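Structure record follows, encoded as structure tokens.
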Amino acid sequence: MTLAVPFVAALVLSALTVWLARGLAHRRDWLDRPNSRSSHEVPIPRLGGIGVWLATLVVTVVAALAGESWPLDDTYLWPVLLGGLIMAATGLADDLLPRGLTPATKYSGQLAAALATIVAAKGFLPSAALSEIAGSTTGALLVVVLVGSFQVLWLTAYANFANFMDGSDGLLAGVSIIGLASLAFLLSGNERGLAGLALVAAAATLGLLAFNRPPAGIFMGDSGSLFLGYLLAALCLAWTVAGADALGITLPGLGRVWLHKVGTAVILMAPLWVDTVTTLLIRFLRHRRLIEAHRDHLYQRMLQAGKSPVTVCVAYWTYAVACGGAAILTTTNGLLGTISGLVLVVGGITAVVGSHRIGLAVEP
């Protein structure tokens, strides 16, 4: 089965699902009504994410069952799909309930998705590393706890980062498509199943973007943003350990390879975390509540300053392309790719800090 077939299938299924969801949301009054923090002025349906995760999960499962190009025994494919389903269900519940989920309940669902993925994938820890420390029960347990904790935090943090960045028409959808395409390239060497999953998810997100581009006719909602943030993070984790057992190197050597790959993933994911983390740090330093709704993100300040959603999309999509290119470059020229990535990260942080310094937008 060529990748063109599942790609087109995901695109069509997603677009059809989003179109149906938009009509259903209008009939059931499942609408995102504008408030003081909104960038839209009329009620907009918020169930577009259903098209993204439903098309991604259905097409990937069918393709994996139907063809040899996506092996059924793929180490990480099924755990990632399982976690994605739990994450999407958590977001959907938050979208549909009149008052949404409480922060604690919402994070519990995210935590369940992360733990399900890690346990089912055997912790994303290469067996070569486990075998080397098997002689020390305490050492093995410590490594598993530390690595597992980092991975849980990674998965849940990026799910929330994506959720925070979904506040301007088409922004998150476009950034996600670029990130997924970059990951498909990185994964194509060792994890064909996950590379196919990344392309299918990109096609499904493209189906949503047809309705979510400025001016948006539907929002993806939490089910879409949490799913996309989680999926990008999970694919990054899988890439960091893909092929590691075949290297035949010591535990310290595996550690260096893993850290290099994590650094590359951080560069790739910069469009999601740079704005969010920098903004939250600024709010912390200004003694403001971190969980309080606000309009301090760079994209929100750009909108408040009169920039159009199209301009915001172009800025963030261009940044995502640059970060994806730098991440890919690290696999062929580590030094140049790393330097390029650092410049992009520092540049992004500077832009966010600068927007606060010059008062680009009036704070609520």
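The values are calculated or read from the model by the stated rules, or taken from the named source; none is laboratory data. This one's a predicted model, so the numbers in the text were calculated from it and none came from an experiment. As a convention, Cβ positions derive from the backbone with ideal geometry for all residues, glycine included, and neighbour counts pool all protein chains shown.
If you scan the stretch 339-351, which residues turn out to be among the polar types (S, T, N, Q) and surrounded by fewer than 18 Cβ atoms within 10 Å (Cβ to Cβ)?
The answer is Thr350, and nothing else.
Which one is surrounded by the most Cβ atoms within 10 Å (Cβ to Cβ) among residues in the stretch 95-109 that are modelled with pLDDT of 95 or more and closer than 18 Å to Ile50 by Cα?
Among those residues, the one meeting the criterion is Gly109.
Cβ-Cβ distance below 6 Å, separation of 6 or more or different chains: which pairs start in the stretch 309-328 with a residue that is surrounded by fewer than 20 Cβ atoms within 10 Å (Cβ to Cβ) and end on one that is not in a helix (DSSP H, G or I)?
Val310/Pro214
Which pairs do you get when a residue that is on the phi > 0 side of the Ramachandran plot, found in the stretch 98-116, comes within reach of a residue that is of a type outside the set (S, T, N, Q) and surrounded by 13 or more Cβ atoms within 10 Å (Cβ to Cβ), reach meaning Cβ atoms under 7 angstrom, with the pair 6+ apart or on two chains?
Listed by first residue and then by second, the contacts come to Gly100/Asp94.
Hey, can you tell me all the residues within the stretch 148-172 that are under 14 Å from Val314 (Cβ atoms) and assigned to a helix (DSSP H, G or I)?
Across the stretch 148-172, the qualifying residue is only Leu171.
For the stretch 273-308, what are the residues that are in a loop (DSSP other than H, G, I, E, B), touching a helix residue (DSSP H, G or I) at 6+ places or on another chain (Cβ under 6 Å) and in contact (Cβ under 8 Å) with a residue 40 or more places away in the chain?
Asp296, His297
Identify all residues within the stretch 247-278 that are polar (S, T, N, Q) and at pLDDT 90 or above; write none if there are none.
Thr264, Thr276, Thr278
Do you know which of the residues in the stretch 128-147 that are surrounded by fewer than 16 Cβ atoms within 10 Å (Cβ to Cβ), in a helix (DSSP H, G or I) and of a type in the set (Gly, Ala, Ser) is modelled with the lowest pLDDT?
Result: Ser131.
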